Amino acid sequence: MFPHVVTLYNMVTEEDPSTFEETTTNHITILRGVLLDAVKAKNVNESGLVGADAVNLYIPTSVEAVDGVTGEPKQYVGPIEFWRAEDKSGLWTLSTGENTFFVKGEAVHPNWSAQKIDAAYDDVYNVNTVDLKDFGGEMSHWEVGGN
């Protein structure tokens, strides 16, 4: 029922106080055992919609989540806890905005920018909505909307 693999990126941009240079760190999580339901736009020329593609990503709360670089298991935490954590290495989160996106399949690129990843893969989606369906047991999951 959950045959797909996605690579989730939580990108953190920080400014070095001594040099005032911005650095970006990619926290990469591979999620195995998800369902990615993609809807491609029927006809962009006909509708005029450039961003008409949309996806729904279904992630069981029991998903296998591992670090894309080390392969170590990772734990889900809420967005506020994740962004405030000093050490994010064993954590992953789902939050809306440009800091979180996912790629269909395994796409591990620790030093790439979001633009470079988007240019290299067909199925790259920003997280637009996150809805926890907490039914208990094996039915609990997140429904993630992206485009």
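Ordered by packing density, taken as the mean number of other Cβ atoms within 10 Å over each peptide's residues, highest first, how do 17-23, 90-96 rank?
Descending mean neighbour count gives 90-96, 17-23.
Arranged from highest to lowest average of other beta-carbon atoms within 10 Å per residue, in what order do the peptides 116-122, 131-137, 55-61 appear?
55-61, 116-122, 131-137
Taking 0.36 nm per residue of sequence separation and subtracting the Cα-Cα distance, how much length would be gained by fully extending the chain between Met139 and Thr13, in nm to one decimal? Could the numbers behind the result be given before it?
Working: separation 126, 0.36 × 126 = 45.36 nm, distance 3.48 nm.
Length gained between Met139 and Thr13: 41.9 nm.
Answer rounded, prolate or oblate for the chain, using the Cα gyration tensor with square roots of eigenvalues a ≥ b ≥ c: rounded when a/c is under 1.5, else prolate when a/b is larger than b/c, else oblate.
Values: a/c = 1.79, a/b = 1.15, b/c = 1.56.
Oblate.
Between beta-carbons, use under 14 Å as the cut-off and find the net charge around Val108, counting Lys and Arg +1, Asp and Glu -1.
Its environment carries a net charge of +1.
Apply the Karplus curve 6.51 cos²θ - 1.76 cosθ + 1.60, θ = phi - 60°, to the phi angles in segment 82-95 and return the couplings in whole Hz, x for Gly and Pro.
Rounded to whole hertz, the list is 4, 5, 8, 5, 5, 10, 9, 4, x, 10, 9, 8, 10, 9.
May I ask you to sort Arg32, Arg84 by Cβ crowding, counting other Cβ atoms within 10 Å and putting the fewest first?
Arg84, Arg32
Taken together, the values in this text are just the output of simple stated rules run on the coordinates, not laboratory data. In this text the structure is predicted, and so the values were computed from the model without any measurement. FYI the Cβ positions are ideal-geometry reconstructions off the backbone, even for glycines, and counts take in every protein chain you see.
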